[in-house]
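Below you'll find the structure, written out as structure tokens, and then a few comments.
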Ligand SMILES: Nc1ncnc2c1ncn2[C@@H]1O[C@H](COP(=O)(O)OP(=O)(O)O)[C@@H](O)[C@H]1O
Ligand SMILES: [Mg+2]
């Protein structure tokens, strides 16, 4: 996947302007932490959209605002100014309760630490978000299909402590996917994995995009992880500073060197 340098289409000016064809988007989004001398502009007037069925990597130096972008886009945190849309809903207009309903029904999350519930089986962990959503029912056929694709079909009755790190991460992926979310947000999902397990996880995420049309936004600082994506966007000091389609490992490494 890393050889075809000619596939790169790099834009000098970030052109990821948000329109209605996006499943999620930020418009003129800023997020400020602290006050006075201690003020940090974690997001600075960012406009970006994420298309249905697209796998996007968000990259940038540590502290550049990647997690803040993801948290504000998904309504886990609120913008200081600007708008964050999920579909055509401006999440900044929602109450905390409406937000949590939207997150449960429309969004999936995969974090570096898997946040699995130790006392529950893999199956119970996977169905947890659907079980919490009063109107929703678990699609057991879809769960079986996911478990098969993810290679955890024979581990569903095991508790997290009985699973390997890679298997736990795959349970977390299934849990994120089971409500058929419009978008999955992943914050450094491969950060705690060895390279083999990390490669497997990226293959599963890629499959979810290609075979199920899943939209994924993944924060990563791993060039190999980014090379599995359709698109990479670069963030520095809270601003978008570049983007590329079909990035190769070399493209990404060069851009990272340029930014740091
Ligand atoms: N809750 C917070 N309070 C104060 N500053 C924060 C908070 N969250 C993030 N920041 C600051 O905002 C900037 C961007 O952080 P973050 O989005 O976590 O960066 P990244 O994920 O790219 O490492 C950093 O300078 C960080 O210290
Ligand atoms: Mg981060």
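Key figures for this structure:
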| read-out | value |
| --- | --- |
| Count of region 62-76 residues which are within 6 Å of ligand 1 (Cβ to nearest atom), in a helix (DSSP H, G or I) and without any contact (Cβ under 8 Å) to a residue 60 or more places away in the chain | 0 |
| Count - residues of region 77-102 that are under 27 Å from residue 212 (Cα atoms) and part of a strand (DSSP E or B) | 5 |
| Where residue 135 falls short, out of the listed (1) within 16 Å of ligand 1 (Cβ to nearest atom); (2) without any contact (Cβ under 8 Å) to a residue 24 or more places away in the chain | (1) |
| Residue within region 164-172 that is surrounded by fewer than 19 Cβ atoms within 10 Å (Cβ to Cβ) and in contact (Cβ under 8 Å) with a residue 60 or more places away in the chain present | no |
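Every number here is computed from the coordinates shown, using simple stated rules; none is lab data. Every value quoted in this text rests on a predicted model; they were computed, and no experiment measured them. When we count neighbours, we look across all protein chains shown, and the Cβ atoms used for this are built from the backbone with ideal geometry, even at glycine.
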